[in-house]
Amino acid sequence: MELQLGLALPPPPLIPIETFDLNSYGNYETREALGTNALSWPLLKLGPADNDINNIHHHNSSSSSSSSGGGAGCKKRSFDEAPFFDEKRNVPKTLHLLLWTNQPNDEDDDPSNVLHENSSSAIFKNDGEGLVGWPPVKTWRKKVHHQIPNGGTENNRLPAVENGIGGRASKSTYVKVKMEGVPIARKIDLSVHHSFEGLTNTLMRMFGISDGNRKSFKLTYQDREGDWLLAEDVPWRTFIRSLKCLKLIRSRG
Amino acid sequence: MLKKMAFSFPDEVLEHVFSFIQSDKDRNAVSMVCKSWYEIERWCRRKVFVGNCYAVSPRMVIRRFPEFRSIELKGKPHFADFNLVPDGWGGYVFPWIAEMAGAYPWLEEIRLKRMVVTDESLELIAKSFKNFKVLVLSSCEGFSTDGLAAIAASCKNLKELDLRDCEVDDLSAHWLSHFPETYTSLVSLNISCLGSDEASFSALERLVRRCTNLKTLRLNRAVPLDKIANILRHAPQLVEFGTGTYTADVRPDVYSDLAGVFSSCKELKSLSGFWDVIPDYLPAIYPVCSKLTSLNLSYATIQSPDLIKLVSHCPNLQRLLVLDYIEDSGLEVLASSCKDLQELRVFPSDPFGAEPNVSLTEQGLVAVSLGCPKLQSVLYFCRRMSNEALVTIARSRPNFTRFRLCIIEPKTADYLTLEPLDVGFGAIVQYCKDLRRLSLSGLLTDRVFEYIGTYAKKLEMLSVAFAGDSDLGLHHVLSGCESLRKLEIRDCPFGDKALLANAAKLETMRSLWMSSCAVSFAACKLLGQKMPRLNVEVIDERGPPDSRPENCPVDKLYIYRSIAGPRFDMPPFVWTMDEDSGLRLS
């Protein structure tokens, strides 16, 4: 729909099959390049014979090699079926920005190494608050659950982050947390905390600070006026109401 | 001979024929047949759907469809629901309202999803469209009850006001009194998202009383139980009803009032709300249960035995939303009682607890899949899964069109074999040939993506988190899933190669979201430069991407096709990659 809106003239004719040069189309090339290496994983067998899911057979051995879609010609689209495929796509002529190779990870910067620097993608075990947006439950559902008397924790009444008894507060309950010396900020869901103790525990875990080192850190926060204050100087309710973001600093002396 | 006849149809005849074609897809196909059909179709299209508000500009829409009456717009990417899209990213509806206000005094319906709607926009709607009938705001934010007051006051022909899942600044409940006493055309009202400590019950009651065509009424938590009876008494014709909040103590007079009033609602098919409900009040709704087709208990914190009792009274249930308090035992009862069940959503009562707090496992989902022949849509949160269960589910229920499974702990393996869940999800895509939407979870390698690329030919939307080993995974999906429109990925080791090798694919999709993956800034720039019909947005709250080395991964990436070019309403933490310098700051 979106693409057709700009048309003042009738749409360009679909690329006729004869002029469609499959070899210049990156996707097809990549399929071919995949070959048998990547498709060495056995695919599922269909049908009632497959009772035992642990007993999965190679399709490679039984496939014909006429299909240019690679060695495991089970359900791969062969190029003879191209017309079906063409109808859906207005294929641009130039497009592979990169030629696919069999070894996606042969470069120096191994993606998994790079990921470690990007700590927002690191997964902390049993530290749900450290992961933004996981599990994928909408904000107001999270708050409902924490008001549950049955399954809830110590204090079931939410802090002042909630607005009245409505379904949803008008502000998100996530605030940014930075630690002195760490470039990347994290986010923490305040609605699941009810005391400085709980909040501090979570923060220590999030930043990997051991119990012994706890004492050398202080929790500060920035209030609505932009001033930085020590968290423990104010009561919890005041803290929750006025804070904008948090910072863990190393305490001196 | 036949050809001649086709060209000699007068336009009015064709227009009449086209008027029977409502679906967007079909309309688009019709407009592609020939120049004259394109022209006729565009003049008689009455409903416009824009899946991404940035894919096209309001002016372009208005130019092509000069006489539409109804528009549906979607803004933010789906992951915005889970706080992954920072505040201020965009999705403002005001420019659309402004353009339409000038061009279309006769606009009747506006439906918005995940957009920022201001009071100013609402006031402009109220002022500009004299025959305005339908306002549906789904997961929207940015407005207050003042804006609603403007709508209430001016839209004399308003039939539908639906604020599902919105974030509204609750300044005053008195906005309801802005509906004039002469106003009676309300058919559907959904205010379940509103807060308001003080609710204007009398205004609400009067409104319900005089709007005799009211079919849907979804109240918010502020309306207590005793008021519900008063309201329902005046609206026995209701088809869909959402309760307010229940009181903590059971009062016999309130109970019998409620039971009486529910028995008089002979048309009731859908119930929701149930905040703070206590089991003793539930029997009050038993009289309507046998006719119920839709039940939303996802806010009801009642336990399995009470849920079982309730559900066994509802043999005609087609849609059930419930918390995992229902447990496997409850789902087994559901499977045997509700043979018409089509959609099931089971939400976690304690999403952040490390240990399970209820006995809900994969067995519940297996039971429902085996027992409910019409089941086609599932959203299921649980803490363990096995390939065996998934294969059983897939084979017994090949009619799934939507399958969303969330195993709460990321990268959880098959609890029986400790293997990845590749084979299980592979079975889902292999057997469920009409699968349109899939959400993955658990321990998954590149193999699951190979299955998906091979089998999921009708798949339109895929959500992936904490899965895969390498670019090969992403490559399988982009090269294999022919019908793919929306792909959203978080925390997967997918990098530049798969994206660049499948660049053309992105133009055939509505959008791609990737956050906490391994796509470098250099790759984003390249994509932006080479693909002029894609908007490549880098979202990074750490600071400008060019302040880091080019091979550094970007935090979040949102790519969508557009004929409107790059947008100009971006906040400071969003950069669009385009042909010029590869970097454009807002």
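Answer with yes or no whether B:Ala518 is in contact with a strand residue (DSSP E or B) (Cβ under 7 Å, 6 or more places away or on another chain) and within 11 Å of chain A (Cβ to nearest Cβ). It is true that B:Ala518 is in contact with a strand residue (DSSP E or B) (Cβ under 7 Å, 6 or more places away or on another chain) and within 11 Å of chain A (Cβ to nearest Cβ).
When the residues of the stretch B:239-257 are filtered to those that are within 23 Å of B:Ser188 (Cβ to Cβ) and out of contact with any strand residue (DSSP E or B) (no Cβ under 6 Å at 6 or more places or on another chain), the one that is modelled with the lowest pLDDT is B:Gly244. Considering only residues in the stretch B:356-377 that are crowded, with 21+ Cβ neighbours inside 10 Å and within 16 Å of B:Ile407 (Cβ to Cβ), the one that is modelled with the lowest pLDDT turns out to be B:Val358.
For the stretch B:440-454, the candidate set comprises residues that are more than 14 Å from B:Ser470 (Cα to Cα) and not hydrophobic (A, V, I, L, M, F, W, C); within that set, the residue that is nearest to the other protein chains (Cβ to nearest Cβ) is B:Thr454. Selection of the stretch B:343-382 for residues being of a type in the set (A, V, I, L, M), out of contact with any Ser or Thr (no Cβ under 7 Å at 6 or more places or on another chain) and under 12 Å from B:Ile326 (Cβ atoms) yields B:Leu344, B:Val346, B:Leu360, B:Leu365, B:Ala367, B:Val368.
Report whether or not B:Cys166 is within 24 Å of A:Val132 (Cβ to Cβ) and either in contact with a helix residue (DSSP H, G or I) (Cβ under 9 Å, 6 or more places away or on another chain) or within 14 Å of another protein chain (Cβ to nearest Cβ) (or both). When the stated conditions are applied, B:Cys166 passes them. Taken across the stretch B:330-343, residues that are without any contact (Cβ under 8 Å) to a residue 60 or more places away in the chain and closer than 30 Å to A:Ile188 by Cα do not occur at all. Looking only at the stretch B:233-241, decide whether some residue is over 20 Å from B:Val261 (Cα atoms) and either surrounded by fewer than 19 Cβ atoms within 10 Å (Cβ to Cβ) or β-branched (Val, Ile, Thr) (or both). Checking the stretch B:233-241: not a single residue is over 20 Å from B:Val261 (Cα atoms) and either surrounded by fewer than 19 Cβ atoms within 10 Å (Cβ to Cβ) or β-branched (Val, Ile, Thr) (or both). Filter the stretch B:468-486 for residues that are in contact with a Ser or Thr (Cβ under 8 Å, 6 or more places away or on another chain) and within 8 Å of chain A (Cβ to nearest Cβ); which is nearest to B:Ala518 (Cα to Cα)? Residue satisfying both the conditions and the ranking: B:His475. When the residues of the stretch B:526-560 are filtered to those that are over 25 Å from B:Gly75 (Cβ atoms) and of a type in the set (Lys, Arg), the one that is farthest from the chain's Cα centre (by Cα) is B:Arg548. Residues in the stretch B:117-138 that are buried (at least 21 other Cβ atoms within 10 Å of the Cβ) and more than 20 Å from B:Leu186 (Cα to Cα): B:Val117, B:Ser121. For the stretch B:50-88, what are the residues that are hydrophobic (A, V, I, L, M, F, W, C), more than 9 Å from chain A (Cβ to nearest Cβ), under 17 Å from B:Val574 (Cα atoms) and surrounded by 21 or more Cβ atoms within 10 Å (Cβ to Cβ)? Passing the criteria: B:Cys53, B:Val85.
Please work out if B:His178 is within 18 Å of B:Arg221 (Cα to Cα), away from every other protein chain (no Cβ under 14 Å) and not charged (D, E, K, R). Against the criterion (within 18 Å of B:Arg221 (Cα to Cα), away from every other protein chain (no Cβ under 14 Å) and not charged (D, E, K, R)), B:His178 does not qualify. If you go through the stretch B:455-467 and keep only what is in a loop (DSSP other than H, G, I, E, B) and more than 10 Å from every other protein chain (Cβ to nearest Cβ), you end up with B:Ala456, B:Lys458, B:Leu459, B:Glu460, B:Ala467. Of the residues making up the stretch B:392-431, those that are farther than 24 Å from B:Pro348 by Cβ and not charged (D, E, K, R) number 10.
The values are calculated or read from the model by the stated rules, or taken from the named source; none is laboratory data. In this text the structure is predicted, and so the values were computed from the model without any measurement. For neighbour counting, all protein chains shown are included, and Cβ atoms are generated from backbone atoms with ideal geometry for every residue, glycine included.
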